[in-house]
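Below you'll find the structure, written out as structure tokens, and then a few comments.
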Amino acid sequence: MTSNTVFISLGSNTQPEYNLREAVRLLREYVTVITVSPVYETAPVSGEGRSYLNAAAQLETDLNPVDLKANVLRIIENRLGRMRDSSGDVTIDLDILLFNDEQHDLGKRQIPDPGILQYAHVAIPLADVAPDIPHPVTGERLETIAAQFRDVKGIRLCAEINL
């Protein structure tokens, strides 16, 4: 079996410290967790609602992207009570950001995740765990991508929270 290197994002705005820690614990039941970024507090993308805590993790797995999402990430989201509604409350959100150096079209989701190039809460934690990895589409190092977001208001390192 082939081992795949995968980077995921983790986000929560409902009991976020508990839910992020629990998500990492549950991930370890299914895959090998190589490293987890520091945690960042970020304003919601919509500008309304509670702040989020966000992080990124590097994983190793034999699963393909579809099976990883369906049989690991979605199961963990469900175990932590993830409801998919318009309330803006998110117990946990787990998304595949990068899968090896590959590109995948999963219908509603794309890999690499477009959020890497669009949002500080995705780019900065990802660059913390893999600064030198090139983006599979642009070829830019992840640290270079994250640097454009370092002065964005609404994101702050939460050094006191460890995953």
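The values are calculated or read from the model by the stated rules, or taken from the named source; none is laboratory data. Given the structure is predicted, the values throughout are model-derived calculations rather than measurements. Glycine also receives a Cβ, built like all others from the backbone with ideal geometry; neighbour counts cover every protein chain displayed.
Quick rundown of the values:
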read-out: Residue in segment 26-36 that is part of a loop (DSSP other than H, G, I, E, B) and modelled with pLDDT of 95 or more present; value: yes
read-out: Hey, THR32 of a type outside the set (A, V, I, L, M, F, W, C), closer than 26 Å to HIS135 by Cα and without any contact (Cβ under 8 Å) to a residue 40 or more places away in the chain or not; value: yes
read-out: Top-ranked residue in segment 26-80 [being within 14 Å of the chain's Cα centre (by Cα) and among the charged types (D, E, K, R); ranked as farthest from PHE99 (Cα to Cα)]; value: GLU41
read-out: Residues satisfying the stated conditions in segment 1-22, i.e. assigned to a helix (DSSP H, G or I) and either at pLDDT below 95 or more than 11 Å from the chain's Cα centre (by Cα) (or both); value: PRO16, GLU17, TYR18, ASN19, ARG21, GLU22
read-out: Every residue from segment 10-44 that is of a type in the set (A, V, I, L, M) and out of contact with any strand residue (DSSP E or B) (no Cβ under 8 Å at 6 or more places or on another chain); value: LEU26
read-out: Residue pairs meeting the criteria (Cβ under 6 Å; at least 6 apart or on separate chains; first touching a residue at least 40 places away in the same chain (Cβ under 8 Å), in segment 109-122; second surrounded by 21 or more Cβ atoms within 10 Å (Cβ to Cβ) and among the small types (Gly, Ala, Ser)); value: VAL122/SER9
read-out: All positions within segment 22-42 that are over 15 Å from ILE161 (Cβ atoms) and acidic (Asp, Glu); value: GLU29
read-out: Residues being over 17 Å from GLN118 (Cα atoms) and either surrounded by fewer than 20 Cβ atoms within 10 Å (Cβ to Cβ) or not hydrophobic (A, V, I, L, M, F, W, C) (or both) - total across segment 42-59; value: 5
read-out: Qualifying residue in segment 127-138 (condition: small (Gly, Ala, Ser) and either touching a residue at least 60 places away in the same chain (Cβ under 8 Å) or touching a Gly at 6+ places or on another chain (Cβ under 8 Å) (or both)); value: yes
read-out: Residues of segment 112-148 satisfying the condition of being under 17 Å from LEU53 (Cα atoms) and acidic (Asp, Glu); value: ASP128
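Listed here are the residues, each with its yes/no results for (1) of a type outside the set (A, V, I, L, M); (2) in contact (Cβ under 8 Å) with a residue 24 or more places away in the chain; (3) out of contact with any Gly (no Cβ under 6 Å at 6 or more places or on another chain).
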site: ALA43; (1), (2), (3): no, yes, no
site: SER46; (1), (2), (3): yes, yes, yes
site: GLN58; (1), (2), (3): yes, yes, yes
site: THR61; (1), (2), (3): yes, yes, yes
site: ASP67; (1), (2), (3): yes, no, yes
site: ASN78; (1), (2), (3): yes, no, yes
site: ASP93; (1), (2), (3): yes, yes, no
site: LEU97; (1), (2), (3): no, yes, yes
site: GLU102; (1), (2), (3): yes, yes, yes
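Table: residues versus (1) β-branched (Val, Ile, Thr); (2) within 18 Å of ALA70 (Cβ to Cβ).
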{"position": "ILE92", "(1), (2)": "yes, yes"}
{"position": "ILE96", "(1), (2)": "yes, yes"}
{"position": "ASN100", "(1), (2)": "no, no"}
{"position": "HIS104", "(1), (2)": "no, yes"}
{"position": "ILE111", "(1), (2)": "yes, yes"}
{"position": "ILE116", "(1), (2)": "yes, no"}
{"position": "ALA120", "(1), (2)": "no, no"}
